[in-house]
Amino acid sequence: MSRPNKESNSERIRRTGREVIAGKLLDREEALWLFRLESSADIMDLLSVANRVREHFKGNKIHLCSIVNAKAGGCSENCKFCAQSGAWQAASPQYGFVDREPVEEATAEAERNGVTAVGLVAAWKGLKKGPKLDEICDRIREMAADGKARPDASLGLIDSQEVAQQLKDAGLECYGHNLESSRNFFPNHCTTHSYEDRLQTIAYLKNAGIKICSGGIIGMGETREDRCDLALSVRDIGAHVVPINILNPIPGTPYENNEPLPPFEILKTIACFRLVNPRKEIMIAGGRTVNLRDLQSMVFMAGASALMVGNYLTTLNQPVEKDLQMLTDLGLDPDWDRHGFADQTESDRSASLPAREPDLAAAPT
Ligand code: SF4
């Protein structure tokens, strides 16, 4: 659809929303225009449109995930945002691989709270074939057998197709492996492995039929262009879940003095990710409590459809009960029947939509 003459920002935002709902994928220029919006009036329009796009593709369902920190601290990598890197002097717990009982406790708690998935998370460079992988696969098999939560994992780089296949055979459904930032910005926050290494891991996982959870972290000093490129890259790799973490500067890490992003910039970024990735689960992960404070509930109005609940790897979150109350207050339902991500396929209801979405067309501009 061409851009009419003298179209206002508000009209352009609403037209873009209609086009996304009708099935259009935004190109880089269109996406970048959204990421560069500045005025609060434009951003409020964008949030309203992102909310409609979320509602169109996701209804009122919100996907909840939690994590078990299976191996903590002392990581060999030098990610500047991470308190678990052995390169920095951040106060972070250190322990070896997790036993069966804590995982059982985590899945039981997940089931009680309507949390869809529990991810085993390890702070190390990555996984090779051997006893550690066998132990992880035992935990995944146990999680798959008890059926209380979808078994997910985030275990760093993997070095072969065989490793991915072993994880898949154990019952792993989804693997978290963030691209973290744009290809351009990546060397600014990590030099011990590359963006290409991460893409290779994602390729092994996809070949094995494992779903991909991949997003990044904002607030590291990256530009809006970098955020836009990240949103496009996670679309290109076919991520099913797109976590957005907001930097929580941890003392002792190189980013300890980073200026926090303004809450409206964070909400705008979430909205842009929704418009670039309309069918994906846009998940708000680490850093929301400290960065958004009283505006946390606005993440759904900005287009988020998933939430990491419980405590994060190195920082505390608000209690799960408070998150569940927030969803109830907003008329949203925790959705815990999303093993197949069926709403992300081409056969979803956008295929039969009219070219012009009535609600957006009728909205004042
Ligand atoms: S982000 Fe992951 S790979 Fe990087 S230092 Fe932290 S635990 Fe290690």
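Every number here is computed from the coordinates shown, using simple stated rules; none is lab data. The structure presented is a predicted model; accordingly, all values stated were derived computationally and were not measured. Cβ: placed from backbone, ideal geometry, glycine included. Neighbour counts: every protein chain shown.
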To the nearest 20 debye, what charge dipole does the chain have about its Cα centre, counting +1 at the Cβ of each Lys and Arg and -1 at the Cβ of each Asp and Glu? 700
Compute the helix-to-body angle for 320-329: its Cα long axis versus the longest principal axis of the chain, expressed 0 to 90° and rounded to tens. 20
Evaluate 2.2 N^0.38 Å with N set to the residue count of the stretch 96-179, then give the Cα radius of gyration divided by it. 1.03
The relative contact order of the stretch 166-273, taking Cα pairs under 8 Å that sit 6 or more residues apart, comes to a percentage of 28
Expressed as cubic angstrom per residue, what is the convex hull volume of the alpha carbon set of the stretch 115-254? 117
Taking every eigenvalue of the Cα gyration tensor of the chain, multiplying by 5 and rooting it, what semi-axes result, largest first, whole Å? 33, 22, 20
Could you check what % of the DSSP bridge pairs in the stretch 53-333 are antiparallel, to the nearest 5? 5
Under 29 Å from LYS168, Cα to Cα: lysines that are on another chain or at least 8 residues apart: LYS58, LYS61, LYS71, LYS125, LYS128, LYS129, LYS132, LYS148, LYS206, LYS211, LYS280
Which angle between 0 and 90 degrees, to the nearest 10, do you get for helix 40-58 versus the longest principal axis of the chain when only C-alpha atoms count? 70
Counting other C-beta atoms within 10 Å, which of TYR195, TYR175 has the fewest, and how do the rest follow? TYR195, TYR175
